Number of protein chains: 2
Amino acid sequence: MGRKQTKSGKIRLTEVAKLAGVSPITASRFFRNPEALSLSKRERVDSAVKELGYVPNLAARALASHRTEVIGVVIPSLTNNVFADVLRGIYDSSEGSRYTIQLANTRYSILQEEKLLRLFRAQKPAGLIVTGINQTAESRAILESMNCPVTQIMEIGDSPVDMMVGFSHYDAASAAISHILEQGRRRIGFLGARMDPRVQRRFEGYRDAMKAASLFDPNLIVTTSVPTTVTLGGTLFADLLAQTPDIDAVFCVNDDLALGVLFECQRRQISIPRDLAIVGFNDLEFTAAAVPSITSVRTNRYEMGRHAVTMVIDAIEGRRPQTPVLDLGFQLVVRESSTRQSTVMAGSVGID
Amino acid sequence: MGRKQTKSGKIRLTEVAKLAGVSPITASRFFRNPEALSLSKRERVDSAVKELGYVPNLAARALASHRTEVIGVVIPSLTNNVFADVLRGIYDSSEGSRYTIQLANTRYSILQEEKLLRLFRAQKPAGLIVTGINQTAESRAILESMNCPVTQIMEIGDSPVDMMVGFSHYDAASAAISHILEQGRRRIGFLGARMDPRVQRRFEGYRDAMKAASLFDPNLIVTTSVPTTVTLGGTLFADLLAQTPDIDAVFCVNDDLALGVLFECQRRQISIPRDLAIVGFNDLEFTAAAVPSITSVRTNRYEMGRHAVTMVIDAIEGRRPQTPVLDLGFQLVVRESSTRQSTVMAGSVGID
DNA sequence: CAATCCGATGGTAGCGCTGTCAATAATTGT
DNA sequence: ACAATTATTGACAGCGCTACCATCGGATTG
C-alpha cells in the first residue's frame, strides 16, 4: 500500500511488470482478464501493483485499445426531480464498476440531443443511456451507427434501438383516470405542462379513458409548453376553473402541478376531496406529507437508473439480457386527495 | 461540412494536415493555439477540418500532452434540489468550452470524498470543483497536491484551498433570525436535518443571534442526522411542539422542512403566521406558491455553479481572478408565513 | 550592413498501453 | 509414451497526438 507515486518518476505498467518479474503484457492482462493468469503470477502482479501504488493511465489504455470505459447518459433536465432519482440510480450502480458516467443535458431540445449524440459518437463510449423513445430519425441513425449497447429509459415501446427500461405512461394515466372514475367523479380536468413525449402519452391515456367512459370534453383540458412549477399548477387550475367551472376532479401530469392545484384550492376555499379530487404523477415525497395527502402514480425511477446501467454493462461485457425490454411498471398510490381511505393498488409490473 | 468519417478509414490529424498542405504539428496548433498560425494556413486547416469532418482523438491528445480537459465536480447529493441548481449552472457554463464535466457523488460521506478525490488525482483533471470547506486533512492534502485549479463552492471561509464561490450560511441564518425577531417573535424554534457543515453553520447563526437577544434556549432546538424530507419537517415540528409548546416561530434549515411544518400546522389547525411564523432556507420555487407563502433565504445556486466553472477555466488558462474568494450573498425573501407584507431584503452581496 | 531577434513552421521522438500472433509449458487421450 | 490440444506467456509494433527543439525568413536596430 505504498505511496511511491509521490516519490519521483511516475509508475508505469512496465515498472509493475519488472517488479513482478513478468512481461508488461502479462501485467496488462492482470487488469483486463485476470483469470487468464496463473495464480502465482496473478498474486505477484497484484502485490507489485499495491507496492508501487500503480494507477493505470486511462488515456493510454483508450488510445491503444480503441475503447473507452465511458457510459454516456443523455437526459432532458437536471432540475426535474424525476431525473435526479434516475441519476442517483445510475451513479449508484456504476460505482464499483470500471465504467465512468458521462452526463449530457438536452434541455428538452431534440436538436441539442442530436448534437450531443454526435459528440458522444466521436468519443466512442462503451455504452449509452438515452431518455425516451422519440428520437429524431437522425438521432436514431446515430444511435444505430454507434456500435455499442444503448438503453432507452423512462418509457417502453415497440422497436427499441437496442434495450429499454421503463413503464407505460399511457397505462399509468389510464389507471389514474379509472381510479378517479371509480370514485364517482365525471368531470375530470387534465392539467399538463411542458408536453414532452412522455407527458403526451399520459395525455393519451387520459383521453382514451375518458372517451371510453363517454366523458371526454376538450374543455376539460388545459396545457402549456412552459416548464412545470408549483406556481404554474395554480395558474393552470385557475384557467381550467374559468373555462369549465363544473369540474369535480383534476389529473395533473406531475406532482408539482398537483401541489400547485392544492394550494390554489386552499386559496379559493375549495375543499379537497369533497369539492374536487386531485391526482398527481410521480409520487414525489411531498405528496404523502401534503394536507390532504395527494394521490399519485409511483414510478420506479431509482430502479430504472440502476437497471439501465446494469443492462448496458452486461451487454458491453457480452451478457445480453434475455428480453431487451424491461417494464418496471407503476403503482397507483391512493391518498386522501381523491378519496377517504388510503391504499396502494399495484399496476402492471413485469416483463413486457 | 462533409460526412467523410462515415465513409471508410478514420480521419486523423495527418489527413487534415495533408489536405491543408501543412505539417501535422501545424494542424495540431490550429486547435490549441490558432493565433500562432498565419491567417492563410489557419484558413486552410479550418476548411480541411470541415471538409473531412475531422474529430480529434481525445485519448491521444491526453496521452501526448499529459493533460486532460476534464473538470471534476464533487457534490454530496444528487437528489437535493439545491445541487440540481448548482449542477445546472455548472453544465450550462461548461458547455461551449472545451472542458468536460466529470461528476462524483459523496453521499455526504467524507470518506467517500477522500476516495473520490484520490480517484480524481489519478486522472489528472484540468480543474476541480468541490463542495464545502470542511474537507478532512487528508482530502485537503490531496487537493493541494493536485496541481490544478480548485474551487470550493456552496460557502466561503478563510483559507481556501485555491478559490471559493459561495456565501455565508452563518450570516444568512442570522439575517433570518433578525427578521423573525423584528416581527416581535421571541420563542423561535430551530429545526435541522442532516446536519452537514453548512447546516451546522446555519445553526451557529441562529444560536448566536438568539444569544445576542438573550433568547437562546436549548429546548427550542430539534435536530436529526436523518436526510431531509417534507414528512420529516412535520415530524420534527411535532417533536418541537411536544418539547416546547410555547414557540411562536420556527426557523427551518431548508424549505422542505418548512413545507412539512406548514402541513403539520394545517393538520393541527395552527394558524400561520398568526400563531406561528415559519422561515425556510434556499427559496425553492414552491415557497412562493404555498398557502401561506413561505419566507425563505434565497441563495444564488445557479450562479454559484456558473461562477465556479468560469473561475476554474479561467485559472486553467492562466487568467486567475483578482480575489480568490467570491461572495455571492443571499436575499431574505419575506413572505406571508412570517409577516403580513411580502418584500425582499438584500443580504450581503459582494466580495469577501 | 552585419548582428540580433522574433514569429511561423517543421522534424523527431515518444506518451503508456494493448492487439495480434507466435512461442512455450502444461494437460489429455489412447 | 507421443501426438494433439489447451492454458500461459511474451515480442513487436503501433494507437493519434503533442513536447521539444531546430529551422528559416524577414523585420529591427545601431
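Take the Cα radius of gyration of the range A:123-281 and divide it by 2.2 N^0.38 Å, with N its residue count; two decimals is plenty.
Numbers: Rg = 18.2 Å, N = 159, 2.2 N^0.38 = 15.1 Å.
That ratio works out to 1.20.
Report the far tail of the P(r) of the range A:193-352, meaning the percent of Cα-Cα pairs longer than 23 Å.
Value for the range A:193-352 (Cα pairs over 23 Å): 44 percent.
So for chain A, averaging the separation of alpha carbon pairs under 8 Å that are six or more residues apart and normalising by length, what relative contact order in percent results?
On the way: 664 pairs, mean separation 52.3, N = 352.
After rounding, I find 15 percent.
Need one number: convex hull volume per residue for the protein assembly as shown, Cα atoms only, in Å³. Show your work: numbers first, answer last.
On the way: hull volume 132.5 nm³, N = 704.
Expressed per residue, the convex hull around the Cα atoms of the protein assembly as shown is 188 Å³.
Using alpha carbons only, how many angstrom separate the centre of the range B:275-318 from the centre of the range A:125-164?
Value for the Cα centre distance between the two parts: 35 Å.
Just to be sure I understand: with springs between alpha-carbon atoms less than 10 Å apart, which residue in B:Leu332, B:Leu119, B:Leu63 has the highest mean-square fluctuation in the Gaussian network model of chain B?
Evaluated over chain B, the most mobile residue of the options is B:Leu63.
What residues have an amide H closer than 5 Å to that of A:Phe190, excluding those fewer than 5 places away on the same chain, when H is modeled at 1.01 Å from N in the peptide plane?
Under 5 Å from the amide H of A:Phe190: A:Ile221, A:Val222, A:Phe251.
Largest first, please: the extent of the C-alpha atoms of the range A:4-56 along each principal axis, to the nearest Å.
Cα extents, longest axis first: 32, 15, 14 Å.
Skipping prolines and chain starts, which residues have an amide H placed within reach, meaning under 5 Å, of the one on B:Ile129, given they are 5 or more residues away or on another chain?
Here B:Gly72, B:Val73, B:Val74, B:Thr151 satisfy the definition.
7 Å from Cα along Cα→Cβ at both B:Lys18 and A:Arg32: what's the point-to-point distance in nm?
For the pair B:Lys18/A:Arg32, the computed spacing is 2.8 nm.
What is the range B:4-56's relative contact order, in percent, from Cα pairs under 8 angstrom and six or more apart in sequence?
Working: 54 pairs, mean separation 24.9, N = 53.
RCO, the range B:4-56: 47 percent.
Given R₀ = 45 Å, what would the calculated FRET efficiency be for A:Ser159 paired with A:Leu39, taking r from the Cβ atoms and rounding to 0.05?
So, using R0 = 45 Å, E works out to roughly 0.40.
Through the Karplus equation 6.51 cos²θ - 1.76 cosθ + 1.60, θ set to phi - 60°, convert the phi angles of the range B:213-226 into ³J(HN,Hα) values in whole Hz; use x for Gly and Pro.
3J(HN,Hα) across the range B:213-226, in whole Hz: 8, 6, 10, 5, 8, x, 5, 7, 10, 9, 9, 8, 8, 4.
Any idea what the A:Thr224 label distances to the other copies are, label 7 Å down the Cα→Cβ vector, nm, shortest first?
3.6
Mind checking the mean number of beta-carbon atoms from other chains within 10 Å of the Cβ atoms in A:54-60?
Counting Cβ atoms of other protein chains within 10 Å of each residue's Cβ and averaging gives 6.
Along Cα-to-Cβ, 7 Å out, sits the label point; list in nm, shortest first, how far the one on B:Lys10 is from those in the other copies.
Taking the point 7 Å beyond Cα along Cα→Cβ, the inter-copy spacings are 2.0 nm.
Pick out, from A:Leu332, A:Asn33, B:Ser93, the residue whose Cα sits farthest towards the positive end of the charge dipole of the protein assembly as shown, with +1 on the Cβ of Lys and Arg and -1 on the Cβ of Asp and Glu.
A:Asn33
Peptide A:211-222: average number of partner chain Cβ atoms within 10 Å per residue? Let's see the in-between values first.
On the way: counts 0, 0, 0, 0, 0, 0, 0, 0, 0, 0, 0, 0.
Mean partner-chain Cβ count within 10 Å for A:211-222: 0.
If packing is taken as the mean number of other Cβ atoms within 10 Å per residue, what is the order of B:78-84, A:25-31, A:268-274, highest first?
The peptides rank, most packed first, as B:78-84, A:25-31, A:268-274.
Using R₀ = 25 Å, calculate the FRET efficiency as 1/(1 + (r/R₀)^6) where r is the Cβ-Cβ separation of A:Gln112 and A:Asp314; round to 0.05. Don't skip to the end; give the middle numbers.
On the way: r = 29 Å, r/R0 = 1.16.
Result of the calculation: an efficiency of 0.30.
From the phi of every residue in the range A:247-253, what ³J(HN,Hα) in whole Hz does the Karplus formula 6.51 cos²θ - 1.76 cosθ + 1.60 yield, where θ is phi - 60° and glycine or proline is x?
Karplus-based 3J(HN,Hα) across the range A:247-253 equals 5, 10, 7, 9, 9, 9, 6 Hz.
Can you sort A:Leu87, B:Leu240, B:Leu117 so the residue with the fewest Cβ neighbours within 10 Å comes first?
Ranking A:Leu87, B:Leu240, B:Leu117 by Cβ neighbours within 10 Å, fewest first, gives B:Leu240, A:Leu87, B:Leu117.
Size of the dipole of chain B about the Cα centre, Lys and Arg at +1 and Asp and Glu at -1 on the beta carbon, nothing else charged, in debye to 20?
Computed charge dipole of chain B: roughly 1740 debye.
Could you tell me how many cubic angstrom of Cα convex hull volume the range A:1-158 has per residue? Could the numbers behind the result be given before it?
Working: hull volume 24.3 nm³, N = 158.
Taking the convex hull of the Cα positions in the range A:1-158, it is 154 Å³ per residue.
Just to confirm the numbers: B:Gln112, label point 7 angstrom along the Cα-Cβ line, distances to the other copies in nm, shortest first?
Here B:Gln112 shows inter-copy label distances of 2.7 nm.
Could you pull out the pairs from A:Lys50/A:Lys124; B:Lys18/B:Lys50; A:Lys124/B:Lys10; A:Lys18/B:Lys115; A:Lys41/B:Lys124; A:Lys124/B:Lys41 whose alpha carbons sit more than 20 Å apart here?
Checking Cα-Cα distances, A:Lys50/A:Lys124; A:Lys18/B:Lys115; A:Lys41/B:Lys124; A:Lys124/B:Lys41 exceed 20 Å.
To the nearest 0.05, how large is the calculated FRET efficiency for A:Asp208 and A:Asp246 if R₀ is 35 Å and r is the Cβ-Cβ distance?
0.95
Going by average Cβ neighbours within 10 Å, how do the peptides B:307-319, A:160-172, A:312-324, B:50-62 rank, with the highest at the top?
Output ranking for B:307-319, A:160-172, A:312-324, B:50-62: A:160-172, B:307-319, B:50-62, A:312-324.
With a/c under 1.5 counting as rounded, go ahead and sort the range A:161-225 into rounded, prolate or oblate using the C-alpha gyration tensor (a ≥ b ≥ c being the square roots of the eigenvalues; past the cut-off, prolate if a/b is larger than b/c, else oblate).
oblate
Rounded to two decimals, what ratio of Rg to Rh does chain B give with C-alpha atoms and a Kirkwood Rh?
1.12
How charged is the neighbourhood of B:Val130? Take every other residue with its Cβ under 15 Å from the Cβ of B:Val130, and add Lys/Arg as +1 and Asp/Glu as -1.
-1
Using only C-alpha atoms and all pairs of different ones, pull out the Kirkwood radius for the range A:1-90 in Å with one decimal. Please report the intermediate quantities before stating the final value.
Values: mean 1/r = 0.0645 Å⁻¹.
Its Kirkwood hydrodynamic radius stands at 15.5 Å.
Which one, A:Thr231, A:Ala172, B:Met304, projects farthest toward the positive side of the charge dipole computed for the protein assembly as shown from Cβ point charges (K/R +1, D/E -1)?
Result: B:Met304, furthest along the dipole toward the positive end.
Taking each residue of A:99-106 in turn, how many C-beta atoms of other protein chains fall within 10 Å of its C-beta, and what is the average?
4
Taken together, the values in this text are just the output of simple stated rules run on the coordinates, not laboratory data. Given the structure is predicted, the values throughout are model-derived calculations rather than measurements. Quick reminder, even Gly has a Cβ in these numbers, built from the backbone with ideal geometry, and neighbours come from all protein chains shown.
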